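So the structure is just underneath, and the comments pick up after that.
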Amino acid sequence: MIRIPIPATAPVRLALGLWLALAVGGLSMFAAAAHADDHSEPRQYENQVAIITGSSHGLGYELARLGAEKGMKLVLVDMRREESEKLAEQIRSEEGHAIVVEADLAHAEQRPKIIEAAMEEFGRIDYLFNNAGYSYLATLEQMDIEQAHRLFEVNYWAYADLAQRVIPIMREQGGGTIVNVSSILGMRPAPPGLGHYAATKHALHGLFQTVAQEVEEDNIQVFLAAPGGMKTKISQHSIGPMADPESDRAADWEDPAIVAKDIFEHMQGDEVVFNPGYVGRQ
């Protein structure tokens with residue numbers, strides 16, 4: 001190979017030095033930008049306090065697991081505390097922060113302790129994930145009014161109650177986020193027997209689309225996440241004359257981990273109602 005000598009004059013040395021400085025500087029800026037992109041989302045959620053109801057199974061469990069990965073401090077709420085306690089212990093073993101509050105959301109007097117526990121442990125509430133719910137399966141003719149009332153206490157009134165309690169806290173902090181897990185059945189007719197369940201979801205849409213407008217100036221975001229069918233324990237936990245705990249109608253439905261990921265992604269936007277999961281991708 002023939003080498004052509006380049007005289008090491010001062011102008012040449014200066015030009016080479018400038019070229020190297022620009023090249024190295026450009027690479028450093030690129031690396032810094034990539035590093036920032038890699039860590040921007042975790043910083044967004046790190047140390048943010050989130051209440052998640054219905055955290056023992058299904059979507060609530062996946063929201064909690066994903067929130068912990070992003071650095072959130074969690075208040076896990078369920079009437080069956082064992083599975084949530086296992087998750088909380090796992091989170092704490094990985095240097096995360098999580099507590100468990102056992103509460104039956106059907107009983108209004110048990111709801112305040114959720115807010116009290118969050119404030120006592122962490123001193124603030126940044127996110128409320130209203131997720132807990134179940135299905136009462138009955139036609140209108142089969143309806144037991146007490147069972148229908150209890151369904152609304154859990155699937156609707158608990159959502160409204162907890163949201164009402166966190167709004168002043170979020171306003172004083174300068175903002176917050178409320179995510180209400182609805183269902184595609186809150187946006188279209190339900191099959192026979194699911195009318196009562198669908199009615200609770202339609203009620204959520206009626207209330208919280210208005211609430212989103214009422215608290216917008218307080219920097220509080222309100223969302224309605226309406227997924228389709230997910231692999232949860234909804235069949236086993238269903239009650240009513242049309243319930244069949246032995247069958248699992250959710251067996252072939254979507255992995256709730258996908259829906260949880262979609263919910264976190266949609267929280268970056270301003271669309272109040274959205275359909276996480278396969279329904280949103282159709």
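Shown for segment 167-206: the carbon plus sulfur share of the solvent-accessible area, taken with all protein chains present and a 1.4 angstrom probe, equals 61%. Partners of Lys70 within straight-line reach, counting aspartates and glutamates whose Cα lies under 18 Å from its Cα and excluding those fewer than 8 residues away in the same chain: Asp37, Asp38, Glu41, Glu46, Glu62, Glu89, Glu94, Glu95, Asp126, Asp262, Glu265. From most to least packed by mean Cβ count within 10 Å, the peptides 124-135, 254-265 give 124-135, 254-265. Over segment 86-153, accessible surface divided per residue gives 53 Å², non-protein components excluded, 1.4 Å probe. Scalar couplings 3J(HN,Hα) for segment 188-198, obtained by applying the Karplus form with A = 6.51, B = -1.76, C = 1.60 to θ = phi - 60°, are 8, x, 9, x, x, x, 9, x, 5, 4, 4 Hz; x denotes Gly and Pro.
In sequence order, segment 176-186 has phi-based couplings of x, 9, 10, 10, 10, 7, 9, 6, 4, 6, x Hz under the Karplus curve 6.51 cos²θ - 1.76 cosθ + 1.60, θ = phi - 60°, and Gly or Pro positions carry x. Cross-link partners for Lys113 among the aspartates and glutamates, with Cα-Cα distance under 15 Å and sequence neighbours closer than 8 places in the same chain left out: Asp78, Glu102, Asp104, Glu121, Asp161. Residue pairs exceeding 26 angstrom between C-alpha atoms, taken from Lys86/Lys201; Lys86/Lys261; Lys73/Lys261; Lys201/Lys261: Lys86/Lys201. Residues whose amide H comes within less than 5 Å of that of Val49, counting only those at least five positions distant or on another chain, are Lys73, Asp126, Tyr127 (H built at 1.01 Å from N in the peptide plane).
The values are calculated or read from the model by the stated rules, or taken from the named source; none is laboratory data. Here the structure is a predicted model, which is why all the values come from computation and not from measurement. Note: ideal-geometry Cβ built from the backbone for every residue, glycine included; neighbour counts use all protein chains shown. Protein only, heavy atoms only, side chains kept; ligands, DNA and RNA dropped before computing areas. Shrake-Rupley method; radii C 1.70, N 1.55, O 1.52, S 1.80 Å.
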